[in-house]
Each structure stands twice: as structure tokens, then as C-alpha cells.
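Student: Got a structure for you, written out below as C-alpha cells; questions coming shortly.
Readers should treat all values here as calculations from the given coordinates under stated rules, not as data from a laboratory. Model, not experiment: these values are computed from the prediction. Cβ: placed from backbone, ideal geometry, glycine included. Neighbour counts: every protein chain shown.
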């Protein structure tokens, strides 16, 4: 099983939140963990925002960023190219998704297409999970 983490899931691997323990268990059981290239920027933005909003967490956030940087080479990273963004555009229209959510979904779908393996989609957005299920993916 390949675990595809959208950014909402990826951040939970580095900051303790509701769902972090279950997600970490899934990571241990996965053959591979895949992410979309944009998850790097989205994760850093989310972590930086938290550091600004909760200054006492700044040290923990810097540790989380360092851990993400150390782990990143171990992830299967899906690149964003023209066919992927075209599929994402279709998904945005079909499933009424936001732009980057549709890119994440298209990257997860592409991961399954390339690997010909079942994809377990880790995401903490109900609309995005519903779309992933309609595309045949299992969800957290």
C-alpha cells in the first residue's frame, strides 16, 4: 500500500494534532509515502503561520521544519506538470475543489496510475476525501 499525504496530513506527522497517532501508524505500515511537490511550500506556510500565531511554539515549529527537511528525500515526490494540472482542473470542476486541493488529488491519482498499487489517501478535509473515494482510493 502506498500512502499519499496531502498537506493537512503531512503537517500532522510533524506537529502533534488530532489524527497524528493514527497517521504515524499508517506511515509505518506503508510500502512508500508519496507527496505532491507543492506540499513542501504548503507545509512550510502552515508551520510558519503557526509560529507567528503562537510565538511560544516557535522552537517546536523550527524542529518540525528541520524534521520535514530530513524526511523529504525519503518521500516519493510527484512533480507538477501540465497533464497533472489539467487533471486537477477537471477535478476542481467535477468535485468543486479549491485549486491546490485538486492538485493534491490529481497527484494522488497519478501516484496510483504510475505505481499500479492501491493508494491510501491521507487527508483531513471531508470534501477532498469524498472525491478521493469516488476515484477509488481508500481514505484515512
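Student: In whole Å and largest first, what semi-axes does the C-alpha gyration tensor of the range 23-140 yield when each eigenvalue is scaled by 5 and square-rooted? Before the final figure, lay out the partial values.
Tutor: Numbers: eigenvalues 131, 59, 37 Å².
They are 26, 17, 14 Å, listed largest first.
Student: I would also like to ask the following. Would you mind ranking 15, 114 so that the residue whose beta carbon has the fewest other beta carbons within 10 Å leads the list?
Tutor: The order, fewest Cβ neighbours first, is 114, 15.
Student: Note the angle between two axes, namely the Cα long axis of helix 58-71 and the longest principal axis of the Cα atoms of the chain, as a number of degrees from 0 to 90, rounded to the nearest 10.
Tutor: Long axis of 58-71 versus the principal axis of the chain: about 40 degrees.
Student: Go ahead and collect, in residue order, the members of the range 82-117 whose backbone nitrogen is under 18 Å from a label point 7 Å along the Cα-Cβ direction of residue 31.
Tutor: Within reach of a label on residue 31, which here means backbone N under 18 Å from a point 7 Å along Cα→Cβ, the range 82-117 contributes 108-117.
Student: At 37 °C and 0.692 mPa s, what whole-number value in µm²/s does Stokes-Einstein give for the translational diffusion of the range 1-41, with Rh from the Kirkwood sum over Cα pairs?
Tutor: D, rounded to a whole number, is 317 µm²/s.
Student: Here is a further query. Between the alpha-carbon centers of the range 1-62 and the range 64-117, tell me the distance in whole angstrom.
Tutor: Cα centroid to Cα centroid, the span is 15 Å.
Student: With axes computed from alpha carbons, what is the tilt in degrees of helix 20-29 against the longest principal axis of the chain, rounded to the nearest 10 within 0 to 90?
Tutor: 60
Student: Using the alpha-carbon atoms, what tilt in degrees (0 to 90, nearest 10) does helix 99-115 show relative to the longest principal axis of the chain?
Tutor: The angle comes out near 70 degrees.
Student: Continuing with this model, one more query. If R0 is 22 Å, what FRET efficiency do you get for residue 126 and residue 93 from their C-beta distance, rounded to 0.05?
Tutor: That pair, residue 126 with residue 93, gives E of 0.70.
Student: For a paramagnetic label modelled at 7 Å from the Cα of residue 134 toward its Cβ, which residues of the range 73-87 fall within the zone defined by backbone nitrogen distances under 19 Å?
Tutor: Taking a point 7 Å out along Cα→Cβ of residue 134, the residues of the range 73-87 whose backbone N falls under 19 Å are 85-87.
Student: Going by C-beta contacts inside 10 Å, put 40, 72 in order with the fewest on the left. Write out the running numbers ahead of the final one.
Tutor: Details: 40 17, 72 14.
Listing 40, 72 from fewest to most nearby Cβ atoms yields 72, 40.
Student: How far, in nm, would the chain grow between residue 70 and residue 82 when pulled straight, counting 0.36 nm per residue and subtracting the alpha carbon separation?
Tutor: The residue 70-residue 82 span can extend by a further 1.5 nm.
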